[in-house]
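What follows is a set of notes on a single structure, which appears directly below.
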Amino acid sequence: MLRNPYTLVIGGVFALFIAMSIGRFAYTPILPFMQQEAGFTTRFAGFLASSNYAGYLVGAIIASIVPLKRKRAVYLRFSIIISILLTLLMGLTYSHTSWMLWRFLSGITSAFVFVLASSLILDQLAKQQKLGWVGVMYGGVGLGIFISGLLVPLLIENFHYEGAWIGLACLAGLLSIIVFLTVKEDNTALPITPSPKHVQPTKTPKWFPWLLASYGLEGLGYIVTGTFIVAIAEQTPAFSGNATSVWVLVGLTAIPSCVVWAYFGNKYGYMLSLMILLIIQAVGIALPAISASSASFYVSAILFGATFMGVTTLATAYARNKNPLGSAQVIAIMTTIYALGQMIGPSLAGVLTAETESYTWALSGAAFLVFIGALFLLPLVNQERVEINNDVN
(Lines give C-alpha, C1' and ligand atoms only; values in the text may rest on other atoms or scores of the structure.)
Protein backbone atom coordinates (compact mmCIF):
# COMPACT_ATOMS: atom_id res chain seq x y z
CA MET A 1 0.00 0.00 0.00
CA LEU A 2 0.98 3.64 -0.38
CA ARG A 3 2.60 5.13 2.69
CA ASN A 4 1.18 8.15 4.45
CA PRO A 5 3.06 11.05 2.81
CA TYR A 6 3.27 13.02 6.05
CA THR A 7 4.89 10.24 8.06
CA LEU A 8 7.24 9.58 5.13
CA VAL A 9 8.35 13.21 5.14
CA ILE A 10 8.87 13.14 8.92
CA GLY A 11 11.08 10.09 8.48
CA GLY A 12 13.00 11.87 5.73
CA VAL A 13 13.47 14.93 7.96
CA PHE A 14 15.17 12.87 10.67
CA ALA A 15 17.15 10.73 8.22
CA LEU A 16 18.77 13.91 6.87
CA PHE A 17 19.07 15.30 10.41
CA ILE A 18 21.16 12.27 11.39
CA ALA A 19 23.35 11.81 8.34
CA MET A 20 23.73 15.38 7.12
CA SER A 21 23.29 17.76 10.08
CA ILE A 22 25.16 15.52 12.53
CA GLY A 23 27.14 13.11 10.34
CA ARG A 24 28.49 15.89 8.12
CA PHE A 25 27.87 19.39 9.44
CA ALA A 26 28.38 18.90 13.20
CA TYR A 27 32.08 19.23 12.40
CA THR A 28 31.58 22.95 11.69
CA PRO A 29 30.55 24.11 15.22
CA ILE A 30 32.86 21.59 16.92
CA LEU A 31 35.90 22.49 14.76
CA PRO A 32 37.18 25.58 16.63
CA PHE A 33 36.98 23.73 19.96
CA MET A 34 38.76 20.69 18.51
CA GLN A 35 41.49 22.99 17.21
CA GLN A 36 41.93 24.59 20.64
CA GLU A 37 41.93 21.34 22.62
CA ALA A 38 43.68 19.02 20.14
CA GLY A 39 45.98 21.71 18.78
CA PHE A 40 45.85 21.17 15.02
CA THR A 41 46.28 23.72 12.25
CA THR A 42 43.81 25.29 9.84
CA ARG A 43 45.55 23.37 7.06
CA PHE A 44 44.77 20.05 8.79
CA ALA A 45 41.24 21.27 9.55
CA GLY A 46 40.72 21.69 5.81
CA PHE A 47 42.13 18.25 5.05
CA LEU A 48 39.94 16.68 7.74
CA ALA A 49 36.86 18.32 6.22
CA SER A 50 37.92 17.22 2.75
CA SER A 51 38.28 13.61 3.92
CA ASN A 52 34.58 13.66 4.77
CA TYR A 53 33.69 15.11 1.39
CA ALA A 54 35.98 12.63 -0.37
CA GLY A 55 33.95 9.90 1.31
CA TYR A 56 30.77 11.64 0.21
CA LEU A 57 32.13 11.60 -3.34
CA VAL A 58 32.94 7.88 -3.17
CA GLY A 59 29.51 7.13 -1.72
CA ALA A 60 27.78 9.12 -4.45
CA ILE A 61 29.78 7.33 -7.16
CA ILE A 62 28.86 3.93 -5.71
CA ALA A 63 25.22 4.98 -5.48
CA SER A 64 25.27 6.09 -9.14
CA ILE A 65 26.69 2.74 -10.29
CA VAL A 66 24.82 0.27 -8.09
CA PRO A 67 21.11 -0.15 -8.97
CA LEU A 68 19.11 1.18 -6.02
CA LYS A 69 15.52 0.35 -6.90
CA ARG A 70 15.02 -2.51 -4.46
CA LYS A 71 15.55 -2.74 -0.70
CA ARG A 72 16.32 0.98 -0.47
CA ALA A 73 14.78 1.14 3.02
CA VAL A 74 17.07 -1.66 4.22
CA TYR A 75 20.17 0.05 2.82
CA LEU A 76 18.98 3.33 4.33
CA ARG A 77 18.69 1.85 7.83
CA PHE A 78 22.11 0.20 7.60
CA SER A 79 23.71 3.46 6.42
CA ILE A 80 22.13 5.41 9.29
CA ILE A 81 23.39 2.92 11.88
CA ILE A 82 26.94 3.13 10.51
CA SER A 83 26.73 6.95 10.41
CA ILE A 84 25.80 7.06 14.10
CA LEU A 85 28.66 4.72 15.07
CA LEU A 86 31.18 6.83 13.13
CA THR A 87 29.99 10.01 14.88
CA LEU A 88 30.45 8.22 18.22
CA LEU A 89 34.00 7.17 17.26
CA MET A 90 34.98 10.81 16.67
CA GLY A 91 34.58 11.32 20.43
CA LEU A 92 36.25 8.08 21.47
CA THR A 93 39.51 8.29 19.51
CA TYR A 94 42.35 10.80 19.43
CA SER A 95 44.52 9.86 16.47
CA HIS A 96 44.55 12.27 13.53
CA THR A 97 44.69 9.27 11.20
CA SER A 98 41.64 7.73 12.86
CA TRP A 99 39.74 11.00 12.55
CA MET A 100 40.54 11.13 8.82
CA LEU A 101 39.25 7.57 8.41
CA TRP A 102 36.06 8.11 10.43
CA ARG A 103 35.24 11.31 8.53
CA PHE A 104 35.89 9.58 5.20
CA LEU A 105 33.59 6.66 6.05
CA SER A 106 31.01 9.06 7.46
CA GLY A 107 30.99 10.83 4.11
CA ILE A 108 30.19 7.58 2.34
CA THR A 109 27.24 6.86 4.63
CA SER A 110 25.97 10.45 4.31
CA ALA A 111 25.88 10.14 0.53
CA PHE A 112 24.02 6.85 0.73
CA VAL A 113 21.46 8.24 3.16
CA PHE A 114 20.90 11.34 1.02
CA VAL A 115 20.49 9.44 -2.26
CA LEU A 116 18.39 6.65 -0.75
CA ALA A 117 16.10 8.88 1.31
CA SER A 118 15.68 11.40 -1.53
CA SER A 119 14.89 8.86 -4.24
CA LEU A 120 12.71 6.60 -2.06
CA ILE A 121 10.62 9.41 -0.59
CA LEU A 122 10.49 11.54 -3.76
CA ASP A 123 9.18 8.56 -5.74
CA GLN A 124 6.40 7.89 -3.24
CA LEU A 125 5.47 11.57 -2.93
CA ALA A 126 5.33 11.86 -6.72
CA LYS A 127 2.93 8.90 -6.96
CA GLN A 128 0.61 10.63 -4.51
CA GLN A 129 1.04 14.04 -6.17
CA LYS A 130 2.58 15.43 -2.98
CA LEU A 131 5.95 16.52 -4.35
CA GLY A 132 5.46 19.94 -2.79
CA TRP A 133 6.33 18.33 0.54
CA VAL A 134 9.90 17.69 -0.54
CA GLY A 135 10.89 21.10 0.82
CA VAL A 136 9.81 20.01 4.30
CA MET A 137 12.02 16.93 4.08
CA TYR A 138 15.13 18.86 3.07
CA GLY A 139 14.36 21.31 5.86
CA GLY A 140 15.48 18.52 8.18
CA VAL A 141 19.08 19.55 7.50
CA GLY A 142 18.37 23.06 8.77
CA LEU A 143 16.53 21.70 11.81
CA GLY A 144 19.51 19.49 12.64
CA ILE A 145 22.00 22.33 12.22
CA PHE A 146 19.88 24.55 14.48
CA ILE A 147 19.54 21.95 17.25
CA SER A 148 23.15 20.75 17.07
CA GLY A 149 24.31 24.37 17.09
CA LEU A 150 22.43 24.90 20.35
CA LEU A 151 23.65 21.65 21.91
CA VAL A 152 27.35 21.80 20.97
CA PRO A 153 28.32 24.71 23.30
CA LEU A 154 26.47 23.07 26.21
CA LEU A 155 28.08 19.69 25.59
CA ILE A 156 31.54 21.18 25.17
CA GLU A 157 31.21 23.28 28.32
CA ASN A 158 30.49 20.15 30.35
CA PHE A 159 32.20 17.35 28.44
CA HIS A 160 34.70 19.02 26.05
CA TYR A 161 34.69 18.36 22.30
CA GLU A 162 34.67 14.56 22.85
CA GLY A 163 31.38 14.87 24.69
CA ALA A 164 29.91 16.91 21.84
CA TRP A 165 30.49 14.07 19.37
CA ILE A 166 29.23 11.42 21.81
CA GLY A 167 26.16 13.46 22.80
CA LEU A 168 25.17 14.09 19.20
CA ALA A 169 25.63 10.38 18.41
CA CYS A 170 23.24 9.53 21.25
CA LEU A 171 20.69 12.03 19.92
CA ALA A 172 21.04 10.52 16.44
CA GLY A 173 20.44 7.05 17.89
CA LEU A 174 17.13 8.16 19.40
CA LEU A 175 16.01 9.87 16.20
CA SER A 176 16.87 6.80 14.11
CA ILE A 177 13.93 4.98 15.74
CA ILE A 178 11.55 7.46 14.10
CA VAL A 179 13.19 6.91 10.71
CA PHE A 180 12.99 3.12 10.96
CA LEU A 181 9.29 3.28 11.88
CA THR A 182 8.24 5.70 9.14
CA VAL A 183 10.41 5.22 6.04
CA LYS A 184 9.51 1.96 4.33
CA GLU A 185 9.35 0.58 0.82
CA ASP A 186 6.26 0.82 -1.34
CA ASN A 187 6.29 -2.48 -3.21
CA THR A 188 2.65 -2.59 -4.24
CA ALA A 189 2.30 0.73 -6.06
CA LEU A 190 2.13 0.66 -9.83
CA PRO A 191 5.20 1.94 -11.68
CA ILE A 192 5.09 5.40 -13.18
CA THR A 193 4.14 5.43 -16.82
CA PRO A 194 6.14 8.15 -18.50
CA SER A 195 4.69 10.41 -21.10
CA PRO A 196 6.63 10.48 -24.40
CA LYS A 197 8.37 13.77 -23.54
CA HIS A 198 9.68 12.23 -20.30
CA VAL A 199 11.18 9.07 -21.78
CA GLN A 200 14.89 9.03 -20.97
CA PRO A 201 16.85 9.55 -24.19
CA THR A 202 19.77 7.34 -25.09
CA LYS A 203 22.18 10.26 -25.16
CA THR A 204 22.86 12.80 -22.44
CA PRO A 205 20.00 15.34 -22.37
CA LYS A 206 21.03 18.88 -23.24
CA TRP A 207 19.94 20.32 -19.89
CA PHE A 208 22.03 17.94 -17.76
CA PRO A 209 25.61 19.27 -18.35
CA TRP A 210 24.53 22.86 -17.56
CA LEU A 211 22.89 21.78 -14.32
CA LEU A 212 25.87 19.59 -13.39
CA ALA A 213 28.35 22.42 -13.98
CA SER A 214 26.31 24.80 -11.84
CA TYR A 215 25.78 22.21 -9.12
CA GLY A 216 29.48 21.34 -9.02
CA LEU A 217 30.54 24.98 -8.69
CA GLU A 218 28.00 25.40 -5.91
CA GLY A 219 29.54 22.42 -4.08
CA LEU A 220 33.01 23.91 -4.48
CA GLY A 221 31.99 27.38 -3.30
CA TYR A 222 29.37 26.95 -0.58
CA ILE A 223 31.40 24.43 1.40
CA VAL A 224 34.03 27.01 2.31
CA THR A 225 31.44 28.87 4.38
CA GLY A 226 29.81 25.58 5.40
CA THR A 227 33.11 24.39 6.89
CA PHE A 228 34.81 27.47 8.26
CA ILE A 229 32.18 30.09 9.16
CA VAL A 230 32.23 29.27 12.89
CA ALA A 231 36.04 29.05 12.96
CA ILE A 232 36.27 32.43 11.18
CA ALA A 233 33.79 34.02 13.58
CA GLU A 234 35.67 32.52 16.53
CA GLN A 235 38.77 34.47 15.46
CA THR A 236 36.77 37.71 15.24
CA PRO A 237 36.89 39.90 18.39
CA ALA A 238 33.23 40.88 17.95
CA PHE A 239 32.02 37.42 19.04
CA SER A 240 33.95 36.90 22.29
CA GLY A 241 33.59 33.12 22.28
CA ASN A 242 29.97 33.12 21.08
CA ALA A 243 30.72 32.10 17.49
CA THR A 244 28.36 29.10 17.50
CA SER A 245 25.46 31.59 17.49
CA VAL A 246 26.33 32.12 13.81
CA TRP A 247 25.78 28.41 13.12
CA VAL A 248 22.51 28.40 15.06
CA LEU A 249 21.30 31.22 12.82
CA VAL A 250 22.33 29.24 9.71
CA GLY A 251 20.19 26.33 10.89
CA LEU A 252 17.24 28.50 11.91
CA THR A 253 17.00 30.18 8.50
CA ALA A 254 17.58 26.88 6.70
CA ILE A 255 14.52 25.20 8.28
CA PRO A 256 11.84 27.02 6.23
CA SER A 257 14.09 27.76 3.25
CA CYS A 258 13.39 24.56 1.34
CA VAL A 259 9.62 25.06 1.52
CA VAL A 260 9.98 28.69 0.42
CA TRP A 261 12.26 27.87 -2.51
CA ALA A 262 10.07 24.92 -3.55
CA TYR A 263 7.15 27.37 -3.68
CA PHE A 264 9.12 29.82 -5.83
CA GLY A 265 10.28 26.96 -8.05
CA ASN A 266 6.71 25.81 -8.67
CA LYS A 267 5.45 29.33 -9.27
CA TYR A 268 8.24 30.98 -11.27
CA GLY A 269 10.35 28.08 -12.55
CA TYR A 270 12.99 25.93 -10.85
CA MET A 271 15.94 27.26 -12.82
CA LEU A 272 15.08 30.95 -12.51
CA SER A 273 14.62 30.48 -8.76
CA LEU A 274 17.90 28.56 -8.52
CA MET A 275 19.83 31.24 -10.42
CA ILE A 276 18.51 33.99 -8.13
CA LEU A 277 19.24 31.82 -5.09
CA LEU A 278 22.89 31.32 -6.11
CA ILE A 279 23.42 35.07 -6.59
CA ILE A 280 22.01 35.72 -3.12
CA GLN A 281 24.24 33.03 -1.67
CA ALA A 282 27.34 34.46 -3.37
CA VAL A 283 26.67 37.77 -1.63
CA GLY A 284 26.31 35.98 1.72
CA ILE A 285 29.59 34.09 1.29
CA ALA A 286 31.48 37.29 0.41
CA LEU A 287 30.22 39.44 3.31
CA PRO A 288 32.70 38.27 6.02
CA ALA A 289 35.53 38.95 3.57
CA ILE A 290 34.31 42.53 3.21
CA SER A 291 33.62 43.26 6.89
CA ALA A 292 34.58 41.54 10.16
CA SER A 293 31.69 43.06 12.13
CA SER A 294 29.21 40.81 13.92
CA ALA A 295 26.40 42.24 11.75
CA SER A 296 28.24 41.12 8.62
CA PHE A 297 28.55 37.57 9.97
CA TYR A 298 24.92 37.42 11.02
CA VAL A 299 23.66 38.65 7.65
CA SER A 300 26.02 36.16 5.98
CA ALA A 301 24.60 33.36 8.16
CA ILE A 302 21.03 34.35 7.24
CA LEU A 303 21.74 34.45 3.50
CA PHE A 304 23.75 31.25 3.60
CA GLY A 305 21.23 29.35 5.73
CA ALA A 306 18.34 30.56 3.57
CA THR A 307 19.95 29.23 0.38
CA PHE A 308 22.32 26.27 0.74
CA MET A 309 19.63 23.57 1.09
CA GLY A 310 17.34 25.40 -1.32
CA VAL A 311 19.88 24.56 -4.01
CA THR A 312 19.35 20.85 -3.37
CA THR A 313 15.58 21.24 -3.25
CA LEU A 314 15.32 23.02 -6.60
CA ALA A 315 18.01 21.06 -8.45
CA THR A 316 16.79 17.59 -7.43
CA ALA A 317 13.12 18.43 -8.04
CA TYR A 318 13.96 19.78 -11.51
CA ALA A 319 16.09 16.74 -12.35
CA ARG A 320 13.46 14.29 -11.11
CA ASN A 321 10.76 15.99 -13.20
CA LYS A 322 13.01 15.65 -16.22
CA ASN A 323 13.76 11.97 -15.56
CA PRO A 324 11.08 10.38 -13.33
CA LEU A 325 12.11 6.80 -14.15
CA GLY A 326 15.74 7.16 -13.11
CA SER A 327 15.54 9.46 -10.09
CA ALA A 328 18.03 7.50 -7.95
CA GLN A 329 20.71 7.45 -10.66
CA VAL A 330 20.23 11.09 -11.68
CA ILE A 331 20.36 12.30 -8.07
CA ALA A 332 23.42 10.10 -7.46
CA ILE A 333 25.27 11.58 -10.46
CA MET A 334 24.42 15.11 -9.34
CA THR A 335 25.53 14.28 -5.81
CA THR A 336 28.81 12.95 -7.19
CA ILE A 337 29.64 16.23 -8.96
CA TYR A 338 28.52 18.20 -5.91
CA ALA A 339 30.70 16.04 -3.69
CA LEU A 340 33.71 16.52 -5.96
CA GLY A 341 33.46 20.27 -5.43
CA GLN A 342 32.97 19.78 -1.69
CA MET A 343 36.06 17.59 -1.47
CA ILE A 344 38.30 20.15 -3.17
CA GLY A 345 36.91 23.30 -1.52
CA PRO A 346 37.98 22.92 2.14
CA SER A 347 41.53 21.79 1.28
CA LEU A 348 42.03 24.70 -1.11
CA ALA A 349 40.58 27.11 1.44
CA GLY A 350 42.72 25.67 4.23
CA VAL A 351 45.94 25.92 2.21
CA LEU A 352 45.09 29.40 0.89
CA THR A 353 44.26 30.63 4.38
CA ALA A 354 47.47 29.17 5.81
CA GLU A 355 49.54 30.87 3.08
CA THR A 356 47.84 34.28 3.28
CA GLU A 357 47.05 34.14 7.03
CA SER A 358 43.56 35.34 6.20
CA TYR A 359 40.24 33.83 5.11
CA THR A 360 39.56 36.78 2.78
CA TRP A 361 40.83 35.20 -0.43
CA ALA A 362 39.17 31.85 0.28
CA LEU A 363 35.78 33.47 0.87
CA SER A 364 36.10 35.82 -2.12
CA GLY A 365 37.04 32.94 -4.42
CA ALA A 366 34.16 30.81 -3.13
CA ALA A 367 31.66 33.63 -3.72
CA PHE A 368 32.97 34.10 -7.27
CA LEU A 369 32.58 30.39 -8.09
CA VAL A 370 28.98 30.33 -6.85
CA PHE A 371 28.20 33.41 -8.96
CA ILE A 372 29.66 31.70 -12.06
CA GLY A 373 27.49 28.69 -11.21
CA ALA A 374 24.46 30.96 -11.38
CA LEU A 375 25.45 32.11 -14.89
CA PHE A 376 25.63 28.50 -16.09
CA LEU A 377 21.89 28.25 -15.51
CA LEU A 378 20.97 30.94 -18.06
CA PRO A 379 20.36 28.45 -20.94
CA LEU A 380 18.12 26.38 -18.65
CA VAL A 381 16.19 29.45 -17.50
CA ASN A 382 15.44 30.29 -21.14
CA GLN A 383 14.53 26.69 -21.95
CA GLU A 384 12.24 26.42 -18.93
CA ARG A 385 10.51 29.69 -19.83
CA VAL A 386 9.75 28.33 -23.32
CA GLU A 387 8.39 25.07 -21.84
CA ILE A 388 6.17 26.96 -19.38
CA ASN A 389 4.80 29.17 -22.18
CA ASN A 390 4.11 26.11 -24.37
CA ASP A 391 2.24 24.40 -21.52
CA VAL A 392 0.14 27.53 -20.95
CA ASN A 393 -0.68 27.80 -24.64
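Sort 147-157, 14-24, 104-114 for me by packing, meaning the mean count of neighbouring Cβ atoms within 10 Å per residue, highest on top.
Answer by packing, highest mean first, reads 14-24, 104-114, 147-157.
Residues of segment 259-299: accessible area per residue at 1.4 Å, in Å²?
44 Å²
Compare Thr97, Thr353, Thr312 in a GNM of the chain, Cα atoms joined below 10 Å, and give the one with the largest fluctuation.
Highest fluctuation of the listed residues: Thr97.
In whole Å, what is the distance between the alpha-carbon centres of segment 350-389 and segment 143-163?
31 Å
List the pairs from Lys127/Lys184; Lys130/Lys206; Lys206/Lys267; Lys130/Lys184 whose alpha-carbon separation is above 19 Å, in the order I gave them.
Lys130/Lys206; Lys206/Lys267
Which distance in nm do the two modelled labels at Ala354 and Asn321 give, with both placed 7 Å along the Cα-to-Cβ direction?
Each label point is offset 7 Å from its Cα along the Cβ direction, giving 4.5 nm.
Could you do me a favour and compute the accessible area per residue for segment 39-159, 1.4 Å probe, result in Å²?
I get 39 Å² per residue for this part.
Accessible area per residue for segment 330-393 in Å², computed with a 1.4 Å probe and the full protein assembly in place, what is it?
The answer is 48 Å² per residue.
For segment 68-107, state the average projected area of the convex hull of the C-alpha atoms over all orientations, rounded to one decimal in nm².
Taking a quarter of the hull surface, the average projection is 2.8 nm².
To the nearest µm²/s, what D does Stokes-Einstein give for the chain at 4 °C and 1.567 mPa s, using the Kirkwood radius over alpha carbon pairs as Rh?
Here the translational diffusion coefficient equals 62 µm²/s.
Please label the shape of segment 74-161 as rounded, prolate or oblate, based on the square roots a ≥ b ≥ c of the eigenvalues of the alpha-carbon gyration tensor (a/c under 1.5 means rounded; beyond that, a/b larger than b/c means prolate, else oblate).
oblate
Which FRET efficiency, nearest 0.05, do Asn382 and Ser240 yield, Cβ-Cβ r, R0 30 Å?
So, using R0 = 30 Å, E works out to roughly 0.05.
P(r) for segment 302-364, please, calculated from all Cα pair distances in 5 Å bins and given in %.
Taking every Cα pair in segment 302-364, the percentages come to 4, 16, 16, 17, 16, 13, 9, 5, 3, 1.
Shape of segment 40-112 from its Cα gyration tensor (a ≥ b ≥ c, root eigenvalues): rounded if a/c is under 1.5, otherwise prolate when a/b > b/c, or oblate?
It is oblate, given that a/c is not under 1.5 and a/b is not larger than b/c.
Calculate what fraction, in whole %, of the accessible area of segment 249-393 sits on carbon and sulfur atoms when a 1.4 Å probe is rolled over the protein chains.
71 percent
If Cys170, Cys258 are ordered by their accessible area, calculated over protein heavy atoms with a 1.4 Å probe, which sequence runs from highest to lowest?
Descending accessible area places them as Cys170, Cys258.
Quick one: Debye curve from the C-alpha atoms of segment 1-97, no solvent, what's log10 I(q)/I(0) at q = 0.10, 0.16, 0.21 Å⁻¹?
-0.36, -0.82, -1.21
Using a 1.4 Å probe and ignoring any ligands, DNA or RNA, find the accessible area of Glu355 and quote it in Å² to the nearest 10.
Only protein atoms counted, so the area is about 130 Å².
Specify the inter-centroid distance of segment 54-93 and segment 271-301, based on alpha-carbon positions, in whole Å.
Value for the Cα centre distance between the two parts: 31 Å.
D for segment 342-381, whole µm²/s, Stokes-Einstein with Kirkwood Rh over alpha-carbon pairs at 20 °C and 1.002 mPa s: what number?
193 µm²/s
Only helices at least 20 Å long along their own axis, judged from Cα atoms, and with Kyte-Doolittle mean hydropathy of -0.5 or greater: name those in the chain from DSSP H.
Helix filter hits for the chain: 42-65, 72-90, 96-127, 134-182, 207-234, 244-268, 270-290, 308-322, 327-356, 360-375, 378-392.
The values are calculated or read from the model by the stated rules, or taken from the named source; none is laboratory data. What you are looking at is a predicted structure, and each value in this text was computed from that prediction instead of being measured. Don't worry about glycine lacking a Cβ; one is built from the backbone with ideal geometry, like all the others, and counts go over all protein chains shown. Note: areas computed on protein heavy atoms with side chains; ligands, DNA, RNA excluded. Shrake-Rupley method; radii C 1.70, N 1.55, O 1.52, S 1.80 Å.
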